[in-house]
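Notes follow the structure.
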Amino acid sequence: MDFVEGEIVAFDKPYKWTSFDVVGKARWLLCHHLHVKKLKVGHTGTLDPLATGVVIVCTGRKTKLIDKLQYDTKEYVATLQLGATTPSFDLEKPIDKTYPTQHITRELIDEVILTFLGEQWQVPPMFSAVKVDGKRAYELARKGEEVELKPKLLVIDEIEVMSFDPETMQLVIRVVCSKGTYIRALARDIGQKLNSGAHLIALRRIRVGDYKIEDCISFEQFEKLVYEVSSI
């Protein structure tokens with residue numbers, strides 16, 4: 001493998017790491033072991049810190065493929081907590097409101113889930129990297145500022161219920177979707193359509209384009225690989 005010339009690596013992003021952490025760690029390992037001062041390294045799509053799973057990293061000349069790879073279809077497994085919301089739509093912020101759930105049944109969930117198939121207009125979360133007047137929305141949100149985000153058109157190719165626990169009101173779904181889909185916002189919208197509330201409590205990206213979670217490597221495996229390449 002020639003990381004300086006250019007390679008594509010699929011990582012299984014650890015919990016609480018940002019996508020930039022993944023890029024930074026990969027760049028440091030490559031520069032350190034290959035004894036190069038500079039190296040182009042970039043990722044093909046942001047994954048929230050509280051999510052785990054597939055993050056594609058390109059090095060060298062393969063970074064020219066980033067724009068193309070960003071448009072690849074994504075697949076997720078998400079766990080939603082029904083009956084409560086948070087300002088960030090996930091566990092970054094504490095619960096701010098609770099809602100009735102007595103009316104929620106598996107039949108109702110199945111009916112509601114199907115309405116999310118196909119083209120959808122989705123309002124991004126305030127706690128997101130969407131730019132508003134040159135600033136990231138999450139920067140404004142953390143300052144307590146409220147801004148109106150415009151809805152974006154996206155496509156959900158597949159969505160299905162994997163499990164539902166009526167006692168804990170936890171719902172696990174699988175989603176195949178286009179670039180720009182916020183699963184946190186999808187959780188919010190599902191909660192609203194159930195005449196209740198919902199937020200994301202776990203998220204795992206299991207595929208980006210042709211790269212599946214089983215194709216990914218950990219940073220321990222990556223460091224061993226880079227060391228072996230540098231020793232040749």
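Of note:
- Selection count, the range 81-98, where residues are assigned to a loop (DSSP other than H, G, I, E, B) and aliphatic (A, V, I, L, M): 2
- A single entry from ALA26, ALA78 fulfils the requirement of being among the aliphatic types (A, V, I, L, M), touching a strand residue (DSSP E or B) at 6+ places or on another chain (Cβ under 6 Å) and part of a helix (DSSP H, G or I): ALA26.
- Residue in the range 50-62 that is within 15 Å of PRO14 (Cβ to Cβ) and among the polar types (S, T, N, Q) present: yes
- Residue match in the range 7-25 (condition: of a type in the set (Ser, Thr, Tyr), surrounded by 17 or more Cβ atoms within 10 Å (Cβ to Cβ) and not assigned by TED's automatic domain parsing to the domain that holds LEU154): yes
- Positions within the range 99-124 being modelled with pLDDT of 95 or more, part of a loop (DSSP other than H, G, I, E, B) and surrounded by fewer than 20 Cβ atoms within 10 Å (Cβ to Cβ), in sequence order: TYR99, PRO100, THR101, GLN102, HIS103, THR105, THR115, PHE116, LEU117
- The C-beta contact set for the range 167-191 (first residue touching a residue at least 60 places away in the same chain (Cβ under 8 Å) and not assigned by TED's automatic domain parsing to the domain that holds ILE66, second residue in a strand (DSSP E or B) and charged (D, E, K, R), distance under 6 angstrom, 6+ apart or interchain) comprises ARG174/GLU160; VAL176/GLU75; VAL176/ASP157; VAL176/GLU158; CYS177/LYS74.
- Of all the listed residues (LYS64, LYS37), the sole one being surrounded by fewer than 22 Cβ atoms within 10 Å (Cβ to Cβ) and outside any helix (DSSP H, G or I) is LYS37.
The values are calculated or read from the model by the stated rules, or taken from the named source; none is laboratory data. A quick note: this is a predicted structure, and the numbers were derived from the prediction, not measured. Glycine also receives a Cβ, built like all others from the backbone with ideal geometry; neighbour counts cover every protein chain displayed.
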